[in-house]
Amino acid sequence: MNFVDLIIKKRNKLELTTDEINYFVKAVTNKSVPDYQISAMLMAICINSLTERETSDLTMAMTYSGKTIDLRSIPGFKIDKHSTGGVADTTTLILAPLTASLGLPVIKMSGRGLGYTGGTLDKLESIPGFNVNISSENAIKQVKEHSIVIMGQTEDLAPADKYLYALRDVTGTVDSIPLIASSIMSKKLADGADGIVLDIKCGRGAFTKTLKDARALANEMIKLGRSLNKKVTALITNMDEPLGMNIGNSVEVIEAIEVLKGNVKGPLKEVSLALGAEMLTMGGIAPDTHTALQMLEENISNHKGLYKFADLIALQGGNPAVIDNYSLFPPRMCKAAIISDEVGYVQEIDALMIGKASSTTGAGRKTKDDEIDYGAGIMLKRKVGDKVAKGEILARVFASDSKKCETACSLVHKAIKIGSKPPRRKPLIYEIIK
Ligand code: URA
């Protein structure tokens, strides 16, 4: 087979055979074709899409492009959770320690930032010393002893996805339903969990902008999971505005700690608990959603979730003192404020523009090999619906130099729209598909 012929076939909107998809994935895994040809294929898929059969073939080929993990030696129902990617979407850092503190074995395989969306691994690496590179054997040991691990994709777990993920991040080929579905599900199928809770983001700051697309993505992933006898639940959640107030890496970890301390309420906490409740009921720890939510609230009040997060940090080589001393995080250098020049109500905060602004501060990558500035980012001071006065601070921006600060500030300023009347609110959780 010739790789260029496959690119042309997809460019011409033709369906690739199972053998051709396998050839593509093998070429990626063996690194036998250059990045520019793989990128051309990704772009052709992004533009012309894949059929259901092609998506299923791509998922299976990526799942088996490396090793799969066998979690059968860990007692209980093992659950993984994955978000399709959002802005200020720090739910994992809240729900993983909370559900683990309630006895659920949590083996969470996370990713890095993708496009303008943040990545759990990058956020965790802002904690001094934190190590996300855990072997499958050590991950299993850690879960057996402490109920929790948050790790990166090992070199040998779905390596084809790992390679494609990094290329998609920097080639404008992220927002494709079959590419997102196969990327997420290949990892989830390879990591051996019995059940998967999916957070399908929908809106301006998500890769699926409409409810129709979000539903299509959810259904695609549910079908892929069921074909391998995994339990799958998908929540479609709003991503028109950033979920939390902080966007970046260390700033998002700090916000997650504040939620675990019981100091922060609002959409980030609400979505984290909704996802956590699904995990607890799917895992048989709670009989129903109402009880699960009460259990999660209780482990915020008694700080058991917070202590579990401190345990996780220590277990993975990080300094757990960050929980009480935020000055141990990398420094936030240059600082600027965005001031309201109007009186009124916040009508919208464009999550996409805020994600791009955060990337501009240095909190995200523009090329595969870019280094992240862990201290950079944005802190919003107001949410949609809040009343604001003229001259009030709407947000603060942190970056390593004044040029980055200025560019990010102008994007944040544009992202926040103020009007005279309170805005009409959209639901935070659109649908739960079981
Ligand atoms: N998360 C993933 O793992 N892959 C995607 O394509 C999007 C979000």
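The values are calculated or read from the model by the stated rules, or taken from the named source; none is laboratory data. What you see is a predicted model; the values in this text were computed from it and never measured. Quick reminder, even Gly has a Cβ in these numbers, built from the backbone with ideal geometry, and neighbours come from all protein chains shown.
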Requested in this report: Give the residue that is nearest to Ile134 (Cα to Cα), with candidates limited to residues of the range 59-91 that are more than 13 Å from the ligand (Cβ to nearest atom) and part of a strand (DSSP E or B).
Outcome: Lys67
Query raised in the report: Here are some conditions: (1) buried (at least 20 other Cβ atoms within 10 Å of the Cβ); (2) within 29 Å of Gly262 (Cβ to Cβ); (3) of a type outside the set (Phe, Trp, Tyr); (4) modelled with pLDDT of 95 or more. Ala357 meets all but one. Which one does it not meet?
Result: (2)
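Criterion first (surrounded by 20 or more Cβ atoms within 10 Å (Cβ to Cβ) and either at pLDDT 95 or above or part of a loop (DSSP other than H, G, I, E, B) (or both)) does Ile21 satisfy it?
Values: surrounded by 20 or more Cβ atoms within 10 Å (Cβ to Cβ): yes; either at pLDDT 95 or above or part of a loop (DSSP other than H, G, I, E, B) (or both): yes.
Criteria met by Ile21.
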Query raised in the report: If we only count strands (runs of 3 or more DSSP E) wholly inside the range 319-380, which ones have 2 or more residues that are among the hydrophobic types (A, V, I, L, M, F, W, C) and within 19 Å of the chain's Cα centre (by Cα)?
Result: 377-380
Report task. Could you please give the count of residues in the range 250-267 that are at pLDDT below 95 and within 17 Å of Leu312 (Cα to Cα)? Result -> 0
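Scanning the range 105-130 for residues that are under 21 Å from Gly195 (Cα atoms) and within 14 Å of the ligand (Cβ to nearest atom), which turns out modelled with the highest pLDDT?
Filtering the range 105-130 down to residues under 21 Å from Gly195 (Cα atoms) leaves 105-111, 120.
Subset that is within 14 Å of the ligand (Cβ to nearest atom): 108-111, 120.
Working: Lys108: 91, Met109: 88, Ser110: 90, Gly111: 85, Thr120: 95.
Here the residue is Thr120.
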Query raised in the report: Which of the residues that make up the range 27-46 are assigned to a helix (DSSP H, G or I) and without any contact (Cβ under 8 Å) to a residue 12 or more places away in the chain?
Result: Asn30, Tyr36
Query raised in the report: So which of Ile140, Ile94 ends up being farther than 27 Å from Val251 by Cβ, part of a helix (DSSP H, G or I), at pLDDT 90 or above and more than 16 Å from the ligand (Cβ to nearest atom)?
Result: Ile140
Query raised in the report: Does Lys387 count as surrounded by fewer than 20 Cβ atoms within 10 Å (Cβ to Cβ) and modelled with pLDDT of 95 or more?
Result: yes
Query raised in the report: Looking at Lys230, Lys188, Lys212, Lys162, which one is touching a Lys or Arg at 6+ places or on another chain (Cβ under 9 Å) and free of Cβ contacts under 8 Å to residues at least 40 places away in the same chain?
Result: Lys162
Query raised in the report: Only one of (1) away from the ligand (no atom under 12 Å from the Cβ); (2) in contact with a His (Cβ under 8 Å, 6 or more places away or on another chain) is not met by Glu145, so which one is it?
Result: (2)
Requested in this report: Search the range 183-235 for residues being among the polar types (S, T, N, Q) and closer than 16 Å to Asp80 by Cβ, and hand back the single one that is modelled with the lowest pLDDT.
Outcome: Asn229
Query raised in the report: Going through the range 87-128 one residue at a time, which ones are touching a Gly at 6+ places or on another chain (Cβ under 6 Å) and hydrophobic (A, V, I, L, M, F, W, C)?
Result: Val87, Ala88, Leu95, Leu98, Leu104, Leu114, Leu121, Ile127
Query raised in the report: Applying the selection to the range 162-196, what residues are small (Gly, Ala, Ser), within 9 Å of the ligand (Cβ to nearest atom) and part of a loop (DSSP other than H, G, I, E, B)?
Result: Ser176
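Please tell me if Ser135 is among the polar types (S, T, N, Q) and within 16 Å of the ligand (Cβ to nearest atom).
No: the conditions fail for Ser135.
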